[in-house]
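So the structure is just underneath, and the comments pick up after that.
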Amino acid sequence: MKAKTALGAAIEALRPAVDARTAVLPILNGLSHIQLLEEAFGTERVLGGLAIIQATLTLSGTVRHLAPFTSVTFGELDGRLSERIQALQTALAGTPVKAEAVPDICGRMWEKLVSIGTLAGATVLMRGNLGEIARAPDGAAWLERLLMRNVAIAAANGHPVRPEALEGMILPFFRREVPGSEGATASMLRDLEAGAQTEADHILGFLLEAARRGGVPDELHEAAYLHTQAYEARRAAGRLPHP
């Protein structure tokens, strides 16, 4: 898996610099990396965090921003607004990035997973952007059904999505009411179309396991995950029509 492979290399690179004073703030997609970091550095050193940024890496190696918004949200995994969290908030206050320390970072990370899991599952399965999917017969209803299935998965795993997040941000995005959302695709689809390795295990595989653990119907997630695994097998065998 791309995310874990890269994370393993990052852990080994960081290990010599980590001591009792260190706090590790990851802003990776998903949640599975938290356990790996805690195993490597200790529970007390790992924070929770997420970034909101829409960008892609082009084939030439250039990072291209697809939307102007950028933010970082972070906090202690146990919910404390600790001294180090407040110090980090102060340090980031003078930067162009909107930074917010919160007492419920685990819930916020689940909310992002609900969003990116829906975007990835939908655009990878349908090979189109949100607008193209929504304009297909019953496409808008299918999108919302997938979204609410992810909301149910989060709740079943102890992290219900806040009503203000669902109604104020998540639903408007998937209903294409937010500027830029009409043409939105997941980075996973862009990786797939470029013949690159995907982070499917980290997002779709995690959600599939969480659905089964929480007793939520899993057929949509199983189809999305199997789709990416068939692609990865074809890629590994060198049978893709593009590099």
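Every number here is computed from the coordinates shown, using simple stated rules; none is lab data. Just so you know, these numbers come straight off a predicted model, no measurement behind them. Please note: Cβ atoms are built from the backbone with ideal geometry, for glycine as well, and neighbour counts cover all protein chains shown.
Below are the figures for this structure:
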quantity	calculated
Order of 239, 145, 190 under a 10 Å beta carbon neighbour criterion, fewest first	239, 145, 190
Packing rank of 111-118, 181-188, 211-218, 135-142, where each peptide gets the mean count of other beta carbons within 10 Å, highest leading	111-118, 181-188, 211-218, 135-142
Residues with amide H under 5 Å from that of residue 186, placed H, sequence gap 5 or more	123
Calculated from backbone phi, Karplus (6.51, -1.76, 1.60) coupling profile of region 92-99 in Hz, x at Gly/Pro	8, 5, x, 9, x, 7, 5, 10
Separation between Cα centres of region 9-26 and region 133-162, rounded to whole Å	36 Å
Ranked list, fewest to most other Cβ atoms within 10 Å of each Cβ, for 206, 74	206, 74
Radius, Kirkwood style, for region 107-236 when every pair of distinct Cα atoms is counted (Å)	14.7 Å
Net charge over other residues, Cβ less than 14 angstrom from the Cβ of residue 112 (K, R count +1; D, E count -1)	-2
Inter-probe distance in nm under a simple model that places probes 7 Å from Cα toward Cβ, at residue 86 and residue 52	2.5 nm
Mean shadow area of the chain over all directions, Cα convex hull, nm²	14.2 nm²
Sorted by Cβ density within 10 Å, fewest first, the residues 19, 201	19, 201
